[in-house]
Amino acid sequence: MKKTIKEQKAVLIILLSNIFIAFLGIGLIIPVMPSFMDIMHLSGKTMGYLVAVFAVAQLLMSPLAGRWVDRYGRKKIIIIGLFLFGVSELIFGLGTNVSVLYISRILAGISAAFVMPGVTAYVADITSVQERPKAMGYLSAAISTGFIIGPGIGGFIAEYGIRMPFFFAAAIAFLACISSIFILKEPLTKEQLAEISANTKQINFIHDLKRSLNPLYFIAFIIVFVLAFGLSAYETVFSLFSAHKFGFTPKDIAAIITISSIFGVVVQVFMFGKMIDILGEKKLIQLCLITGAILAVASTVISSFLTVLAVTCFIFLAFDLLRPALTTFLSKAAGKEQGFVAGMNSTYTSLGNIVGPAMGGILFDVNIHYPYLFAAVIMVIGLGITVMWQEKQLVESLAE
């Protein structure tokens, strides 16, 4: 019988810290974007590509990492990922030209591809089916906090120097790597890993992609893509938008994102379970997509600091509630294939994180309002896709 979440508190804290640190790296770059643009005379398009290249690397590595998680064990892949992340942040902090920054972001993407499936599969292994939604809610809260609070932390630390956020990230990544070596234990035996590996060793990335088209997974994976696309497009241009339109300082931007992330995580941790019980997964996802689309449009017409803060709080909350609903569903559907599903989840997240920032940066150069309007359109499309999501069929598939 598996231990309860309370009995595994130390292990869960380490796992949640690891995933938080990995996703912190995505957001850290954002508050210093305007400064980097000025120093290196870069366009919005280039900055969008700098964010997107992280996701390209993650996309290419995620399927392999998901397979290695099932073959070599969760712990080894998590530790390697954290080490690579620390190296990538160190390189970024020392970089003086764009090519070095790209190398850093590629390494960071590879590290995220290792950490995300490793941690997700580890959490699924050590929790019962009954407690898994709660654990996945915590996991999603850690991801959301890292992704959203990254710019906040980066903005505050940047007061001591524009490169300090990256040295800080490198230090905590190495610390997390060392603590994981001594505290984490591989949740599966060698025999269990060998059995999973034997079942999947003949399968390649193309086959995995085809399997992800299974109706059981596909609608959820598409919404994962929409979620990543919308949030990354919104967040990538947020600091540029705020600095150019309102004259907000890095500290102002950091304050807005930090308050928004705290609000989102508090609601997510304490209210997510109740909202699922009342609305169900499908209705909650649809409500979040509607809210996100409306607020993305609203972002183009507001002006005061408090209004921007309020809109940002609720748009981030909508994304925060979407992720655990999808992750829980996918984890339940996965059975013994936690590595495969976590890897594909990471793959579709990466696709969204590639297209979102790239399009956001290109559209920003045309008109600063276009990225938000485009994000709204994508979310409306996602809403339309959920109409095809037949819950009854999914429940029957899960029961078989």
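When a footprinting reagent is the concern and you count Cβ atoms within 10 Å, what order do C288, C177 take, fewest first? In order of increasing Cβ crowding within 10 Å: C177, C288.
3J(HN,Hα) couplings calculated from phi for the stretch 158-163 with the Karplus curve 6.51 cos²θ - 1.76 cosθ + 1.60 (θ = phi - 60°) are, in sequence order, 4, 4, 9, x, 5, 9 Hz; Gly and Pro show x.
Summing charges over all other residues whose Cβ lies under 13 Å from the Cβ of L227, with Lys and Arg as +1 and Asp and Glu as -1, gives -1.
Legend: ranking of residues M379, M136, M40 from fewest to most surrounding C-beta atoms inside 10 Å; resulting order M40, M136, M379. Remark: K134, K75 ranked as K134, K75, counting other beta-carbon atoms within 10 Å and listing the fewest first.
We did not get these values from a lab; they are worked out from the coordinates using the rules stated. These numbers were taken from a predicted model, which means no experiment stands behind them. All Cβ positions, even for glycine, are placed from backbone atoms using ideal geometry, and neighbour counts span all protein chains on display.
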